[in-house]
Each structure stands twice: as structure tokens, then as C-alpha cells.
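Below: one structure, written as C-alpha cells.
The values are calculated or read from the model by the stated rules, or taken from the named source; none is laboratory data. All values reported here derive from a predicted model rather than from experimental measurement. Backbone-built Cβ (ideal geometry, glycine too); neighbour counts: all protein chains shown. Ligands, DNA and RNA are stripped out before the accessible areas are found, and what is left, the full protein with its side chains, is counted by its heavy atoms. Shrake-Rupley method; radii C 1.70, N 1.55, O 1.52, S 1.80 Å.
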Amino acid sequence: MIEETESWRRIGTPVHGGIVLVSDHASNRVPDDMELGITQAQLDDHIGWDIGVAGVADRMARRHGIAAHLGNVSRLVVDLHREEDHDRLIPTESDGVLVPGNIGADREGRLNRFYRPYHDAMEDWLGRAAPRLIVSLHSFTPAMATDPDSMRPWHVGLLYNQQGTAARHAMRLFAEYGLTVGDNEPYSGRLLNATMNRHAEAYDRPYLAIEVRNDLIRNERGQARWADMIADVARRTAELIG
């Protein structure tokens, strides 16, 4: 089953008390009535979305029965993984790229049109699903254009704020695959964990906030491999946390 609105898209039906997936940056779509002033190539890059996560989420839903709630608009239109008052909610620059269409943007208008419907729908969806574990899926670029010499060596990172138990189990399980695993890398969940702070930690719901290096999931083969690994790690983590 697929449901879709302007702000969110869903694949599959949650199993009550099971595992679900959410992904804030799964789309680089810009509405037809909006002009950001950047190229399609820039939108297709990591500044426009989390490369590869939509394909991974689709396979996890269809092959592993892990239903997904996905953002359906580019992070450059509004960043769904920020608090409403965050200064980069509507970025005017990203990794050295100016986004002129966001200068003087109607903040309240974008909150009402995209951000609030996305999070309100997620809150209702999670409330009805009562998940045993939430997987929050993101991807990261191997090196930022503004700092090309600072390579990020991790294959996958686990992020967390106050709830670290599930993340620590998952770090060990990913390491069993021979992966280089980041502990609150490539950035700290204690500094940026907006969606899981709101929808998981606030309700004491266990979660895995997973960051996959995007060169590993750019094609269908990589997406299929990582969908299998993440589904396996999520299920084993859910069993371990009880």
C-alpha cells in the first residue's frame, strides 16, 4: 500500500507493536510553484536529500514488512529534521551552495504547508502503530564540498541523545558485518536529533537513528544489500531490548 500527500509518502502498513521506519530526507522534490534558484544537479546531490534512503526504505517495506513514513519534499524547501525555530529550517546556503529562493522565504507558510502536516501525520501514525522499534534512516556524504580533505571513514553511524541502549546493540551488530561503525558520528545525536527527540524520546519509544554513507547506497545493488542488513540489525536489536 502506498499513500502520498504533498508533505509525506507512506509505503506498507505497520504491524502493530512491530518495527517501522521514518526518513525525513527521502525526497528532493520541489513543488512546481516554488523556485529555489539552484540546478537539478544540485538538487540531486546530498544538499537536496539523503541520497539512497528512499530506495532502501522501499525495499525494507516491500521485502521485510517494515512500513515507512517518508518526507516528500526536499530538505532545501524545509528541513523536516529541525525544530520549528531552528535557524536552518529553511536554508539559504548548503555546503557552499547559495539557495537564493530561500532568502526572505515565508517561514510560516512552509511550516503550515509541509512541516506540520508531515510531523502531525507521523505522530498519528506512530500512535496507532505503537512500534516496538523505530528506525530513523538518513545518509551522509563521504566528504563535504566545503571541506574535501576531511573524509568520513564510517560506513554507518548510530546517533542518539538520551536513549543509547538500542544504538549500542546496533553498533555491535553492524560491526559483525565487518563495517566501520560510528558512535554518534558523522555528527552527534546529542546536538541534532530533532525528529527522534520529538517522536521517540519524548514517548520513551526505542529507536535506531541510522546514517549510511551515501556512496554505499547510490545504486539498486547497494540499496538492496543495506535494506537486508538494516532489517536484520533492527530485528535483532528489537529482540535484545525486549
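Summary table below
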{"item": "Per-region count, region 191-242, residues at pLDDT below 95 and among the charged types (D, E, K, R)", "result": "0"}
{"item": "Unmet criterion (only one of (1) in contact (Cβ under 8 Å) with a residue 40 or more places away in the chain; (2) open to solvent by less than 10 Å² (accessible area, probe 1.4 Å)) for GLY101", "result": "(2)"}
{"item": "Whichever residue in region 229-241 is open to solvent by 70 Å² or more (accessible area, probe 1.4 Å) and not aliphatic (A, V, I, L, M) and, among such residues, is farthest from THR141 (Cα to Cα)", "result": "GLU239"}
{"item": "Close pairs from region 140-156: first over 26 Å from ARG172 (Cβ atoms), partner of a type outside the set (A, V, I, L, M) and open to solvent by 50 Å² or more (accessible area, probe 1.4 Å), Cβ under 6 Å, at least 6 apart", "result": "ALA145/GLY96; THR146/GLY96"}
{"item": "Any hit, region 112-130, residues being without any contact (Cβ under 8 Å) to a residue 60 or more places away in the chain, within 15 Å of VAL30 (Cβ to Cβ), open to solvent by less than 50 Å² (accessible area, probe 1.4 Å) and out of contact with any Phe, Trp or Tyr (no Cβ under 8 Å at 6 or more places or on another chain)", "result": "no"}
{"item": "Some residue of region 191-198 being touching a helix residue (DSSP H, G or I) at 6+ places or on another chain (Cβ under 8 Å) and surrounded by fewer than 20 Cβ atoms within 10 Å (Cβ to Cβ)", "result": "yes"}
{"item": "Residue, least open to solvent (accessible area, probe 1.4 Å), within region 2-61, restricted to residues that are without any contact (Cβ under 8 Å) to a residue 12 or more places away in the chain and under 24 Å from ALA200 (Cα atoms)", "result": "GLU3"}
{"item": "Scope region 190-236; condition within 18 Å of GLN163 (Cβ to Cβ), in contact with a Ser or Thr (Cβ under 9 Å, 6 or more places away or on another chain) and part of a helix (DSSP H, G or I); matching residues", "result": "THR195, MET196, HIS199"}
{"item": "Qualifying residues in region 139-163 (those that are in a loop (DSSP other than H, G, I, E, B), of a type outside the set (Ser, Thr, Tyr) and more than 19 Å from the chain's Cα centre (by Cα)) - the one surrounded by the fewest Cβ atoms within 10 Å (Cβ to Cβ)", "result": "ASP149"}
{"item": "Any hit, region 148-159, residues being among the polar types (S, T, N, Q) and at pLDDT 95 or above", "result": "no"}
{"item": "Looking only at region 6-26, and only at residues there that are in contact with a helix residue (DSSP H, G or I) (Cβ under 7 Å, 6 or more places away or on another chain) and of a type in the set (Ser, Thr, Tyr), the one that is nearest to MET60 (Cα to Cα)", "result": "SER23"}
{"item": "Test: residue in region 76-86 that is under 18 Å from the mean Cα position of the chain (by Cα), over 28 Å from TRP226 (Cβ atoms) and part of a helix (DSSP H, G or I)", "result": "no"}
{"item": "From ARG116, ARG63, ARG59, residue being more than 17 Å from the chain's Cα centre (by Cα), among the basic types (Lys, Arg) and more than 22 Å from TYR160 (Cα to Cα)", "result": "ARG63"}
{"item": "Residue match in region 90-97 (condition: in a loop (DSSP other than H, G, I, E, B), surrounded by 19 or more Cβ atoms within 10 Å (Cβ to Cβ) and of a type in the set (Gly, Ala, Ser))", "result": "no"}
{"item": "Selected residue (only one of ALA26, ALA61 is in contact with a strand residue (DSSP E or B) (Cβ under 7 Å, 6 or more places away or on another chain) and either more than 21 Å from PHE140 (Cα to Cα) or outside any loop (DSSP other than H, G, I, E, B) (or both))", "result": "ALA61"}
